[in-house]
Amino acid sequence: MVTVEAWSFGFVLLWFSTLSYYYPVHAADDTNSSLGASFIFGDSLVDAGNNNYLSTLSRANIPPNGIDFKASGGNPTGRYTNGRTIGDIVGEELGIPNYAVPYLAPNSTGRAILYGVNRLGLDIQIDFFNNTRKQFDALLGASKAKDYISKRSIFSITIGANDFLNNYLLPVLSIGARISQSPDAFIDDMISHFRNQLTRLYQLDARKFVVGNVGPIGCIPYQKTINQLNENECVDLANKLAIQYNGRLKDLLTEMNGKLPGSVFVHANVYDLVLELITNYKQYGFTSASKACCGNGGQFAGIIPCGPTSSMCDDRDKHVFWDPYHPSEAANLIIARQLLNGNTKVISPVNLKQLRNL
């Protein structure tokens, strides 16, 4: 799901926050199990279907989205990809038996929340988690609920991409933002706000955090199309902004690890993971890292989001991008496994399997 600001602009802002990867909130039926819930905070990359319940042009509950999602029989669920999200794959690999329930779905109450809930824009998401946190107390009792949240649950958060795409990089509307605020000042505000948001989650007993940085947003089909680039080019300004923000984000996570006792903030280097996939796509079995498999408009089918009237490639597992903004299931699978098992170059100080066992 995207941030609140992004929804107000409509379909253009559906970007995939680099792997700003968030995995779906799940939990085991047996609350004595070592597995807890996985709470996902972020954008459309990990939306499990909240867009189904929002008044917005940004919708993925229409075909052919979900065409390869076996759990739904190939029917759309609100996931912005042809199959599983990175969160779905991570949950499966960690041994979690069920997929996330969107926070806005009617069944996201009662014991269903023990499997996790997938939610909206970050400030509102934290407000909603505050409500969910109280439900955990009611379901498990205060002491057991605190243990379940703090010791056995993982909080996955990726923000930042939409802030750039909706401000500095959005055609026409971005001009005012660029004039009124420098990139340094804009990123200062982002980091300051994010520090407060992470602290709020800590105060609600979150302890295990996975934070993805901003991916190479200048390389998505939408950006390449509107800027009329060649196949092997990316938008330089977009990627420079991402790199600048990512440096500040890494410093922030180091700071938070030092000042919040008992917390573990894991840095997921989504930028390098995704750029590697785009740069060396042939080595990973892909035939295209520029063109959207499902979409319309321009050289890379990067203007109009995926829907019933879109053109769609036959070899969906050979495209890095499913639509103008989001990776295919095949790309999600590669990224998710790196986050699960990778070394400290891609995820540090521990990977997701190691974090689960802490």
Requested in this report: Can you put Leu165, Leu140 in order of Cβ neighbours within 10 angstrom, beginning with the fewest?
Outcome: Leu140, Leu165
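My understanding is that a pair violates if its Cα-Cα distance is over 22 Å; which of Lys146/Lys345; Lys70/Lys345; Lys224/Lys282; Lys250/Lys282 do that in this structure? Numbers along the way, then the final one.
Values: Lys146/Lys345 32 Å; Lys70/Lys345 33 Å; Lys224/Lys282 19 Å; Lys250/Lys282 30 Å.
Long pairs (Cα-Cα over 22 Å): Lys146/Lys345; Lys70/Lys345; Lys250/Lys282.
For Ser348 and Asp147 in the same chain, what is the full-extension length gain: residue separation times 0.36 nm, less their Cα-Cα distance, in nm?
Details: separation 201, 0.36 × 201 = 72.36 nm, distance 2.41 nm.
69.9 nm is the gain from fully extending Ser348 to Asp147.
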Query - Asn61-Asn230 pseudo-label distance in nm [points 7 Å out on the Cα-to-Cβ vector] - result: 4.4
Query raised in the report: Among Ile278, Ile124, which comes first, second and so on when ranked by fewest other beta-carbon atoms within 10 Å?
Result: Ile124, Ile278
**Report entry** Estimated distance in nm for a label pair at Asn75 and Lys282, the labels positioned 7 Å out from Cα along Cα-to-Cβ
**Finding:** 4.2
Requested in this report: Order the peptides 74-80, 193-199 from the highest to the lowest mean number of other Cβ atoms within 10 Å of their residues.
Outcome: 74-80, 193-199
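Rule-based calculations on the coordinates, nothing more; no lab input. Since we're looking at a predicted model, the values are computed, not measured. For neighbour counting, all protein chains shown are included, and Cβ atoms are generated from backbone atoms with ideal geometry for every residue, glycine included.
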